[in-house]
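Before any comments, here is the structure.
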Amino acid sequence: MELQELRQKSAEELKAHLLELRKEQFNLRMQKSTNQLAKTHEISRVRREIARVNMLLAQKN
């Protein structure tokens, strides 16, 4: 998701999005550990997006 789209969301929406990202990160880690992960770049994409959401939440508080 683009940074501009994330900036338009409220703090509650960002927290919900963060929860979804954490679940996705967990699923990707499980796929990696069982050698079922085909797109390994997805892990770093999710990590970057989690960092973006955390940054925006810190700015809003």
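So, with a 1.4 angstrom probe, what is the percent of accessible area on the chain that is carbon and sulfur? Kindly include the intermediate steps, with their values, before the conclusion.
Values: 2250 of 4650 Å².
Answer for the chain: carbon and sulfur cover 48 percent of the accessible area.
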Review point. Using r as the Cβ-Cβ distance of Ser10 and His41, and R0 as 35 Å, what FRET efficiency do you calculate, to the nearest 0.05?
Key: 0.75
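Once you compute Rg and the Kirkwood Rh from C-alpha atoms, what is the Rg to Rh ratio for the chain? Kindly include the intermediate steps, with their values, before the conclusion.
On the way: Rg = 12.8 Å, Rh = 12.2 Å.
The Rg/Rh ratio comes out at 1.05.
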Check your understanding: Per-residue accessible area for Met55 at 1.4 Å probe radius, Å² rounded to 10?
Key -> 80
Check your understanding: What does the charge dipole of the chain about its Cα centre add up to, to the nearest 20 debye, if the Cβ of each Lys and Arg holds +1 and the Cβ of each Asp and Glu holds -1?
Key -> 240
Check your understanding: What does the accessible area per residue of the chain come to in Å², with a 1.4 Å probe and no ligands, DNA or RNA counted?
Key -> 76
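Quick check on the chain: helices-only [θ] at 222 nm, where DSSP H runs of length 4 and up contribute -39,500 (n - 2.57) each and the sum goes over total residues. Nearest 500, please. Could the numbers behind the result be given before it?
On the way: 3 runs with 48 residues, N = 61.
That calculation yields -26000 deg cm²/dmol at 222 nm.
Going through the chain, which trypsin sites (Lys or Arg not before Pro) have at most 12 other Cβ atoms within 10 Å and a DSSP loop state? Each step should come with its number before you reach the end.
Numbers: sites: Arg7, Lys9, Lys15, Arg22, Lys23, Arg29, Lys32, Lys39, Arg45, Arg47, Arg48, Arg52, Lys60; in loops: Lys9, Lys39.
Hits after loop and neighbour filter: Lys39.
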Point to revise | Karplus 3J(HN,Hα) series, Hz, for the range 40-49 with 6.51 cos²θ - 1.76 cosθ + 1.60 (x for Gly, Pro) | key: 5, 5, 5, 4, 5, 5, 5, 4, 5, 5
Study note, to complete from the structure: If unit charges are put on Cβ atoms (+1 for Lys and Arg, -1 for Asp and Glu) and the dipole of the chain is taken about its Cα centre, the option from Leu3, Leu56, Met30 lying farthest towards the positive end turns out to be Met30
**Study point:** Which of Ile50, Ile43 is most accessible, then next, and so on - probe 1.4 Å
**Key:** Ile43, Ile50
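The values are calculated or read from the model by the stated rules, or taken from the named source; none is laboratory data. All figures in this text were calculated on a predicted structure; none of them were measured in a lab. Heads up, the Cβs are rebuilt from the backbone with ideal geometry, glycines too, and the neighbour counts pull from every protein chain shown. Only protein heavy atoms, including side chains, enter the accessible area calculation; ligands, DNA and RNA are left aside. Shrake-Rupley method; radii C 1.70, N 1.55, O 1.52, S 1.80 Å.
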